[in-house]
Each structure stands twice: as structure tokens, then as C-alpha cells.
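Asker: Mind looking over this structure? Questions follow.
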Amino acid sequence: MIIVLGFKITILHISTHIPNIFLERRMREFTKFYLNRLSQNKKYGLKVIDCKTIDDGLSQLTDTDYVFIISSGNRIYRSNRFLDIVLQPFIDDPSLGLMGHILDRKNQWYELHPQFVVFDYNKWVDIGRPTYGNKEDSSESIVSVVRSESNIHDDYTPHWVRLEKPIQYNEYNTLDRGWSFINSFLLNNYNISPFNDDIRGSKAYCYPEYNSDKFFTLIDNKQYSDEIDYTKKILLHSLLNSPDKTWLFNTEEISFMRDKTDLKYDVVALPCAGFKFLDLLHNNLIYDKSKIVFFDFSPSSVEWINYVINSEELTITDLVLNKPEEVTLIGKTTEKLSIDGIPSNDLIRLSEEVYSYYGGVDNFMELLKKFRTLNIEITKTDIINDPLNCLHRLNGDNNLINISNIFSTDYFNLFYSEKERTDKFERFIKTLNRKTTVVGRGVDTYYSEKLYNNG
């Protein structure tokens, strides 16, 4: 992958096509959450414009390189690499002007579905800044297109579409969304393309414009139903019915704090995941008599930390291979951590990364042995809804709590409104009753290290 730095990207966030006003608001907040994550990629200059319609957004475009049209209802995975993945086809093909979900409607002309569209701004300006093209009944002369015989899925998603040569025109009485974009880019000899598998696998759209009332009821009640369309079932199932699991490795950076400090903390609290806790010793953040409080809502995670602290195993592999059966571990990928008692390549690779941070496996083992001698408390608690159960333990003169991404998870984002999420975070902060530094991500997904002194 070739990464070109410095591109300016404008995102047009479209959110008015959802008939249920409550769902429309929730989906706008839902996708805004992922756009906030994207905005933290410092390799690109990124601007987000909230729009009533696509053409309204197009009229506001200026001074950018690429434009992403993203409809509310999109969930974005791999936020740290997403922009790279999407821009790569444009780097590979200098003639590429437009990418999207291109649909062959058979009895109509092609549709460019507005859920997610990417185009080259300068090429769009070059062809006269065409409008998007609304769904409408009219007689229009449209350029003829040839398409692949194969499809991405079903029979209406061609792997490619091209301008027919020599150029011919046909009349269509019914046009679908995006027809003007497709027609204009092709007619001006710019390539258009469906999204590749890498891009398609990096996002998901739940089609909130369909079954909106039913979908909002399910979200509002945190319920799952088989009586809903496939995309919504996937979203609800992934967030409601996922097994109780424990992150073996921290998905965040392993260092406890970004801003280095000479301070030491009397009490430190953190979730039951990964090996980030060893950084408290590694970077000399605690005293020998400091108290360490592990907290988590997940029973599996609580059981895992209990096991790690009380086990005699000293390597990550041995800990994994001898863990309690009730503990379900996951790494950073979908690859299994072990197969028939043999460590997977993923487990070996990720373990080596942890060892390297701590100065090698020998240093890791020494840190773990010393950590087990500390004053440690472990509690199962829901820090979002019952913060006092954990925070009353932060009773030192100088306290530190790592909230990781607890207040910015996909689950929290979908099932709670932005106001509810903000209110719960503010309640958490107000519950702090001593001098406490909070590190981690807030409801806006941004990382911070902030000292609160509520004592």
C-alpha cells in the first residue's frame, strides 16, 4: 500500500432520508461517532459538513482533494486505516474519478446508492460540477454503458461498468439516484468503480430508511429480533449477543499515559484487559504500597485477571494455554489464539510486541512477578451505570484511573443517545471525590489525560 500524506478530505454527512425522526437523530449521532474517530487521523486534513441533501453538500465544496458522501447509518471499522484503504484505488488508477455502490436496476438505468460515495474533487470540478442526480421520472438522454457479466453479489452489482465505445445514447423514462454522477464522469472519460472487498469489509450500512419504526423500537429497548432485515440483524446481533469475552491484548497503546510524568499515584484503577497494568511498574508510576484496583463489567475479564494475578505462569503463552475454561480470550484479529494446545502465529506475534515494549520476555516476567506482590483489588462493576462502586476505592491523595474506551464503545454509541452518553460521563466525573487523573477516551472518542480535583 502506497500512503500519500497531505490529502485534504471533505466528508458530506447526509442524514435526512430516514422517515422516523427519532431514528434519524440516533443514526446521525451513530455515524458522527465514527466520523470523530476518522478525524483523529493526522495524515490527512479532514473536514465534515452536515448536509440536508447531497446537492446541498456539493454546493458547499471548496479546496479539497477527495469527497466522501456518507449517509447516517454507516458503521466504520479499522478507523486508523480506513482513509488509507479508501484512497488507495485512486492512487493506483489516476483515471479513477468515482467509486460507490453501483447498482444495475435492469429496467432502469444504473443507480449510485447514496449510502457511501467517494469521488475526486478536482475531476468533478473539471467536468463542470454536476449535480448528484435524484430519483425521478423523466425522459433523459443517457450515455450507454457496458458492464461485467459477473457480480459482487446477486445479479445487480457488477464488478465493473464502462462507457460503451463508440459512444451511444439511450432514452430512459425512469432514473435512479446518482445517475447524473455516473453519466458525467463516464462521458468525460473518467473511470468509475464499485468498492473493492477491502473497502466493503471496512464499513457496514444498516439501511435505516427501511423498517425505521421497528428498528428504532429495538434500539430503544436494546432488543434483538429475527423479524427485521439482514443488515439490521447483523448490527443488533453483533452488539447485543456477543459472548462475554476478554481482550488478551490492549487495543489501545500499551503505555499507560501519553504525557510522561514524574508523579506517582497512591491508587490506580483500570479495566481487566491486556498487559497495560505492567506499565505502572515499567514507567515508575506507583509506590510499593500503592493500591491497584481492577474493574470490569465482564465476568470473563474479572476471572481472567484473578487468574493472572494468582497464577504461577509467567509467559503470555503459558497463561493462555492454562487459563480457566470459563474465560473467553480474543486477540486483535479473528485468528484463534491457540489450536489444539499449540500457540497460533497471531498469539506469538502479539506476545512478542508486548515483550518488546517491556524490554524482552525476561523483563516482562520480572515485572509480572513483582506486580503480583502489590496491593491488588478486583471488582466486577458497571462503571457507566454504577460508578460509585469503583470510584469509592480511589481514596488516595493522588489517584489515577484508566477508562480506556469504555465511554466510547460501539454498544454505548448505538443504544444511548449522545445526550445520555454525555450525562453518564459527567455523572462519572462528578462521582470522583479525590484528586484523580482520568486517562482514556470520552464520549466524543477523543483521548485525553485530565486531572480532576473534586475533593
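The values are calculated or read from the model by the stated rules, or taken from the named source; none is laboratory data. Every value quoted in this text rests on a predicted model; they were computed, and no experiment measured them. FYI the Cβ positions are ideal-geometry reconstructions off the backbone, even for glycines, and counts take in every protein chain you see.
Asker: Which residues, taken from the stretch 38-47, are outside any strand (DSSP E or B), of a type outside the set (Phe, Trp, Tyr) and crowded, with 18+ Cβ neighbours inside 10 Å?
Answerer: Hits for the stretch 38-47 are Leu38, Ser39.
Asker: Something else: Looking at Phe119 and the list (1) farther than 18 Å from Leu58 by Cβ; (2) at pLDDT 95 or above, which single condition is not satisfied?
Answerer: Going through (1) farther than 18 Å from Leu58 by Cβ; (2) at pLDDT 95 or above one by one, Phe119 breaks only (1).
Okay, residues lined up against (1) touching a residue at least 24 places away in the same chain (Cβ under 8 Å); (2) surrounded by 16 or more Cβ atoms within 10 Å (Cβ to Cβ); (3) in the same structural domain as Phe297 (by TED's automatic domain parsing):
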residue: Ser408; (1), (2), (3): yes, yes, yes
residue: Tyr411; (1), (2), (3): yes, no, yes
residue: Phe415; (1), (2), (3): yes, yes, yes
residue: Glu420; (1), (2), (3): no, no, yes
residue: Arg434; (1), (2), (3): yes, yes, yes
residue: Val438; (1), (2), (3): yes, yes, yes
residue: Tyr446; (1), (2), (3): yes, no, yes
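Asker: Does the stretch 271-278 include one or more residues that are among the small types (Gly, Ala, Ser), surrounded by 16 or more Cβ atoms within 10 Å (Cβ to Cβ) and under 23 Å from the mean Cα position of the chain (by Cα)?
Answerer: yes
Asker: Please verify whether the stretch 194-208 includes one or more residues that are more than 18 Å from the chain's Cα centre (by Cα), of a type in the set (S, T, N, Q) and assigned by TED's automatic domain parsing to the domain that holds Asp104.
Answerer: yes
Asker: Could you please find all residues in the stretch 315-354 being part of a helix (DSSP H, G or I), surrounded by 16 or more Cβ atoms within 10 Å (Cβ to Cβ) and under 28 Å from the mean Cα position of the chain (by Cα)?
Answerer: Of everything in the stretch 315-354, those that are part of a helix (DSSP H, G or I), surrounded by 16 or more Cβ atoms within 10 Å (Cβ to Cβ) and under 28 Å from the mean Cα position of the chain (by Cα) turn out to be Ile316, Val320, Asp346, Leu347, Leu350, Ser351, Val354.
Asker: Of all residues being polar (S, T, N, Q) and surrounded by fewer than 14 Cβ atoms within 10 Å (Cβ to Cβ) in the stretch 137-191, which is nearest to the chain's Cα centre (by Cα)? Just the residue, please.
Answerer: Here the answer is Ser150.
Asker: Do any strands (runs of 3 or more DSSP E) lying entirely in the stretch 70-127 carry at least 2 residues that are buried (at least 23 other Cβ atoms within 10 Å of the Cβ), and which ones are they? Walk me through how you get there before you give the answer.
Answerer: Values: elements: 74-76, 96-103, 111-120.
Fully inside the stretch 70-127 and qualifying: 96-103, 111-120.
Asker: Within the stretch 203-219, can you find the residues that are of a type in the set (D, E, K, R) and without any contact (Cβ under 8 Å) to a residue 60 or more places away in the chain? Write out each step before concluding.
Answerer: Step one: list which residues in the stretch 203-219 are of a type in the set (D, E, K, R), which gives 203, 209, 213-214.
Passing the criteria: only Lys214.
Asker: Do we have Glu377 as at pLDDT 95 or above, in contact with a strand residue (DSSP E or B) (Cβ under 7 Å, 6 or more places away or on another chain) and acidic (Asp, Glu) here?
Answerer: Values: at pLDDT 95 or above: yes; in contact with a strand residue (DSSP E or B) (Cβ under 7 Å, 6 or more places away or on another chain): yes; acidic (Asp, Glu): yes.
Yes, satisfied.
Asker: Can you give me the ranges of the strands (runs of 3 or more DSSP E) entirely in the stretch 144-256 with at least 2 residues that are modelled with pLDDT under 90 and in contact with a Phe, Trp or Tyr (Cβ under 9 Å, 6 or more places away or on another chain)?
Answerer: Strands (runs of 3 or more DSSP E) meeting the threshold: 169-175.
Asker: Sticking with this structure for a sec: Quick one: Leu400 ticks every box in (1) in contact with a strand residue (DSSP E or B) (Cβ under 6 Å, 6 or more places away or on another chain); (2) surrounded by fewer than 15 Cβ atoms within 10 Å (Cβ to Cβ) bar one, so which box is it?
Answerer: Going through (1) in contact with a strand residue (DSSP E or B) (Cβ under 6 Å, 6 or more places away or on another chain); (2) surrounded by fewer than 15 Cβ atoms within 10 Å (Cβ to Cβ) one by one, Leu400 breaks only (2).
Asker: Of all residues in the stretch 292-314 being outside any helix (DSSP H, G or I) and within 26 Å of the chain's Cα centre (by Cα), which is surrounded by the most Cβ atoms within 10 Å (Cβ to Cβ)? Don't jump to the end; show me each part of the working.
Answerer: Step one: filter the stretch 292-314 for residues outside any helix (DSSP H, G or I), giving 292-298, 311-314.
Still in the running and within 26 Å of the chain's Cα centre (by Cα): 294-298.
Numbers: Phe294: 24, Phe295: 27, Asp296: 24, Phe297: 17, Ser298: 19.
Residue satisfying both the conditions and the ranking: Phe295.
Asker: Still on this structure, I have one more. I need the full set of residues from the stretch 272-287 which are in a strand (DSSP E or B) and out of contact with any helix residue (DSSP H, G or I) (no Cβ under 9 Å at 6 or more places or on another chain), in order please.
Answerer: Once the filter is applied, which keeps residues that are in a strand (DSSP E or B) and out of contact with any helix residue (DSSP H, G or I) (no Cβ under 9 Å at 6 or more places or on another chain), the stretch 272-287 yields only Tyr287.
Asker: Taking the stretch 210-252, which residues are among the small types (Gly, Ala, Ser) and surrounded by fewer than 16 Cβ atoms within 10 Å (Cβ to Cβ)?
Answerer: Ser225, Ser238, Ser242
Asker: Next question. Which number in (1) in a helix (DSSP H, G or I); (2) over 23 Å from Ser255 (Cβ atoms); (3) of a type in the set (Ser, Thr, Tyr) marks the one condition that Thr379 misses?
Answerer: Condition not satisfied by Thr379: (1).
Asker: Quick check on Phe364: is it touching a strand residue (DSSP E or B) at 6+ places or on another chain (Cβ under 7 Å) and assigned to a helix (DSSP H, G or I)? Working first, answer last.
Answerer: Details: touching a strand residue (DSSP E or B) at 6+ places or on another chain (Cβ under 7 Å): no; assigned to a helix (DSSP H, G or I): yes.
Here the answer is no, as Phe364 does not meet what is asked.
Asker: Here's another thing I want to ask about it. Out of Asn250, Asn284, report the one residue that is polar (S, T, N, Q) and touching a Gly at 6+ places or on another chain (Cβ under 7 Å).
Answerer: On inspection, the qualifying residue turns out to be Asn250.
Asker: Inspect the stretch 401-414 for any residue being in a strand (DSSP E or B), under 30 Å from Tyr77 (Cα atoms) and either touching a His at 6+ places or on another chain (Cβ under 8 Å) or β-branched (Val, Ile, Thr) (or both) and give the result as yes or no.
Answerer: yes
Asker: Follow-up. Is it the case that Ser311 is hydroxyl-bearing (Ser, Thr, Tyr), without any contact (Cβ under 8 Å) to a residue 24 or more places away in the chain and either in contact with a Leu (Cβ under 8 Å, 6 or more places away or on another chain) or not assigned by TED's automatic domain parsing to the domain that holds Leu367 (or both)?
Answerer: Details: hydroxyl-bearing (Ser, Thr, Tyr): yes; without any contact (Cβ under 8 Å) to a residue 24 or more places away in the chain: yes; either in contact with a Leu (Cβ under 8 Å, 6 or more places away or on another chain) or not assigned by TED's automatic domain parsing to the domain that holds Leu367 (or both): yes.
It is true that Ser311 is hydroxyl-bearing (Ser, Thr, Tyr), without any contact (Cβ under 8 Å) to a residue 24 or more places away in the chain and either in contact with a Leu (Cβ under 8 Å, 6 or more places away or on another chain) or not assigned by TED's automatic domain parsing to the domain that holds Leu367 (or both).
Asker: If we scan the stretch 8-21, do we find a residue that is outside any helix (DSSP H, G or I), more than 26 Å from Ser417 (Cα to Cα) and either free of Cβ contacts under 8 Å to residues at least 12 places away in the same chain or not aromatic (Phe, Trp, Tyr) (or both)?
Answerer: Yes, the conditions are met somewhere in the stretch 8-21.
Asker: Within the stretch 16-33, identify whether any single residue is within 19 Å of the chain's Cα centre (by Cα), aliphatic (A, V, I, L, M), crowded, with 21+ Cβ neighbours inside 10 Å and under 29 Å from Ser180 (Cα atoms), and answer yes or no.
Answerer: yes
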